[in-house]
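None of the figures in this text is laboratory data; all of them are computed from the coordinates on show. Bear in mind that the values here come from a model prediction, so they are computed numbers and not experimental data. Backbone-built Cβ (ideal geometry, glycine too); neighbour counts: all protein chains shown.
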Amino acid sequence: MYSEKVMDHFNNPRNVGEIENASGVGTVGNAKCGDIMRIYLDIDDNQIIRDCKFKTFGCGAAVATSSMATELVKGKSIKEAMEVTNKAVMEALDGLPPVKVHCSLLAEEAIHAALWDYAEKNHITIEGLSKPKSDIHEGEEAEEEEY
Ligand code: FES
């Protein structure tokens, strides 16, 4: 059912954790299943993503897609990171079962929400980026400890 790459990223997820004083943080919820994803970005003065970490209260496909997404945006410019769509992440993982495609949206949306946070903090506009619909702000989550 799952590709070897999906199983690898599920069993050994990369970049799990938090970044203190992150340049941008995005937290999103999946409307379909209620799962939650948070992404932290560390962006340098040249708008290169130095580091990226994630935490999720989500399913295995959400873990695998987030792990791959963080790997794909690390070291990239903001512009390049905008091209890391859920489709690109799924391709990099050799696909997901159709019923799990919605899970891959969490990572893309969380990256966009984190970039939006960064843009707002720095008073800049990122081409092609629109305000995240499902951004969850601090204090709105149910139980932080459940992550
Ligand atoms: Fe919720 Fe996969 S079932 S993210």
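Points worth noting:
- Projecting the Cα atoms of Asn11, Gly128, Gly29 onto the charge dipole of the chain, computed from C-beta unit charges around the Cα centre, puts Gly128 farthest toward the positive end.
- Sequence-distant contacts, meaning Cα pairs under 8 Å at least 6 residues apart, place the relative contact order of the chain at 29 percent.
- Cα extents for segment 4-129 along the principal axes, largest to smallest and rounded to whole angstrom: 39, 27, 26.
- Each residue in Met7, Met1 was given a count of other beta-carbon atoms within 10 angstrom of its own, and listing them fewest first yields Met1, Met7.
- Calculated mean residue ellipticity, 222 nm, the chain: -11500 deg cm²/dmol, from DSSP H runs (n ≥ 4) at -39500 (n - 2.57) each, averaged per residue and rounded to 500.
- Exposure proxy ranking, count of Cβ atoms within 10 Å, fewest first, for Ser104, Ser66: Ser104, Ser66
- Residue-wise HN-Hα couplings along segment 109-116, as the Karplus relation 6.51 cos²θ - 1.76 cosθ + 1.60 with θ = phi - 60° gives them from phi, are 5, 5, 4, 4, 5, 5, 5, 4 Hz; Gly and Pro carry x.
- Taking the charge dipole of the chain about its Cα centre, with +1 at Lys and Arg Cβ atoms and -1 at Asp and Glu Cβ atoms, the residue from Phe57, Ile111, Tyr2 reaching farthest to the positive side is Tyr2.
- With neighbours defined as other Cβ atoms within 10 Å of a residue's Cβ, the residues Val84, Val73, Val16 order from fewest to most as Val16, Val84, Val73.
- Amide H partners (placed H, <5 Å) of Asp35, local residues excluded: Asn30
- Here the chain is treated with +1 on each Lys and Arg Cβ and -1 on each Asp and Glu Cβ, and its dipole about the Cα centre works out to around 500 debye.
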